[in-house]
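K.L.:
Here you go, one structure.
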Amino acid sequence: MLRDNPDHARVRVYGTHPDPAAPALTACDVVGREPGEEEAFFDFAIDFCQRHDIDVIMPSSRLVALADRAEAFAAVGTRVMCAPAETLRTVTDKSSMYAAAERSRVPVAPWRVVSDADGLRKAVEEFAGTASALCVKPAGEYSAYGFRLLDDSPLEVSDFEHLPRPTASVPAVADALQRAQDRGETVPELIVMPYLDPPEVSVDCLSDAAGTLVSAIARAKSGRVRTLVDDPGVTELARLVVGHFRLAYLSNIQFRYWKGLPVLLEVNARAAAGIYQTRMTGVNLAWAAVRMLLCGDPGEVPKPMLGGRLAVVEDAIPLSETVIPDSRARERTPPPSPVGAPEANRTLSP
């Protein structure tokens, strides 16, 4: 999306990762190996940006820490594509995010925060009879990793005929919390809430630095199939979320359904992994965001062509086991940049 941009601007993509065989690095012109330690990473990152004259960092992680250090990157000529740090601190903690959403006009399903066995049992008892199924997930940024359906039913032989689901019984979760507490471990906050109805609708958003929405493209998920839906109601909810939280440049808002109505599920203050799917609408959100950051405007953003369907399939790509030295970077010679486009020697870091 960055190289095949409507301005025909020349782009070199730089990428770094702790694992030199990370698949994302295969798409980069120049790659580097990150240190694993947090503080060492930022010393490395600022030096990397300065040595390579990086113009834009498009982060997928460490959002809060990068926002806190935005001035240090600006001092070496690099802009960090992210929302304000206070916004990021709110949306990367789901309990804070849901509470903030409830103070606006954004609908949210009922939820409770728990951090011990008694709190878990109380929340489950409170929700009894209000939902056909309940779920639990960490309140942190990447809660999908810890998501579990709460299911006390016994395993049946017929269950082996289907793909396994991420389930856990209420006693098992309660026991895990109690054991951690007994050992003196820090127990992260968990959210208990109804398991929301499909489809999940993921809205890829482009906005300016103040949170004014420029474009929103909604994708309804069903297995491997994505439908680029024309749903003004969901788009308006996304506009409210982006404006309320002052999300900047690229963000992704996810909704599911509760009692037949869309409710907020997730706020990602970064580009979604599936943002490439929006190219089918004729809109290049990634490049528009770069222009917004570098030039102050997104350029011409056409009205998205909605209604299409696509399937997400797997592919195989060769991986390198070693970091490619800068001197061996794969070179490209794209056409020169037109007047008004970002400079031809702009470099970008995903």
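The values are calculated or read from the model by the stated rules, or taken from the named source; none is laboratory data. Remember, it's a predicted structure, so these values are computed and weren't measured experimentally. Methodologically, a virtual Cβ is constructed for each residue, glycine included, from the backbone with ideal geometry; neighbour enumeration extends over all protein chains shown. Side chains are part of the model used for accessible areas, which takes the heavy atoms of the whole protein and leaves out ligands, DNA and RNA. Shrake-Rupley method; radii C 1.70, N 1.55, O 1.52, S 1.80 Å.
K.L.:
Rounded to whole Hz and in sequence order, give me ³J(HN,Hα) for the range 78-90 from the Karplus expression 6.51 cos²θ - 1.76 cosθ + 1.60, θ = phi - 60°, writing x for Gly and Pro.
P.N.:
Computed from phi, the couplings for the range 78-90 are 10, 9, 9, 7, 7, 6, x, 4, 5, 5, 5, 5, 6 Hz.
K.L.:
Work out the length of the dipole vector of the chain about its Cα centre, built from +1 on the beta-carbon of each Lys and Arg and -1 on the beta-carbon of each Asp and Glu, and round it to the nearest 20 debye.
P.N.:
920 debye
K.L.:
Among I275, I54, what's the order by accessible area (1.4 angstrom probe), most exposed first?
P.N.:
Numbers: I275 20, I54 0 Å².
If we order I275, I54 from most to least accessible, we get I275, I54.
K.L.:
Translational diffusion coefficient, Stokes-Einstein: compute it for the range 1-44 using the Kirkwood radius over C-alpha pairs as Rh, at 37 °C and 0.692 mPa s, and state it as an integer in µm² s⁻¹.
P.N.:
Roughly 276 µm²/s, to the nearest whole number.
K.L.:
Can you tell me the alpha carbon radius of gyration of the chain divided by the globular rule-of-thumb value 2.2 N^0.38 Å?
P.N.:
Scaled against compact globular proteins, the figure is 1.07.
K.L.:
So how far, in whole Å, is the C-alpha centre of the range 146-162 from the one of the range 195-253?
P.N.:
A separation of 31 Å, based on Cα centres.
K.L.:
Sequence gap of 8 or more, or different chains, plus Cα separation below 23 Å: how many lysine pairs satisfy both in the chain?
P.N.:
So the count of such lysine pairs works out to 10.
K.L.:
Determine the shape class of the range 128-241: with a ≥ b ≥ c the square roots of the Cα gyration tensor eigenvalues, call it rounded for a/c under 1.5, and otherwise prolate if a/b is greater than b/c, oblate otherwise.
P.N.:
oblate
K.L.:
Place the peptides 131-138, 146-153, 210-217, 263-270 in order of packing, highest mean first, counting for every residue the other Cβ atoms within 10 Å and averaging per peptide.
P.N.:
Ranking the peptides 131-138, 146-153, 210-217, 263-270 by packing returns 263-270, 210-217, 131-138, 146-153.
K.L.:
While we're on this one: Can you give the calculated 222 nm mean residue ellipticity of the chain, where each DSSP H run of n ≥ 4 adds -39,500 (n - 2.57) and the sum is split over every residue, rounded to the nearest 500 deg cm²/dmol?
P.N.:
-8000 deg cm²/dmol
K.L.:
Given a 1.4 Å probe, how much area per residue of the range 70-201 is accessible, in Å²?
P.N.:
Averaged over the residues of the range 70-201, the accessible area is 56 Å².
K.L.:
Let me ask you something else. Can you pull the percent of the chain's accessible area that's carbon plus sulfur, 1.4 Å probe, other chains left in place?
P.N.:
53 percent
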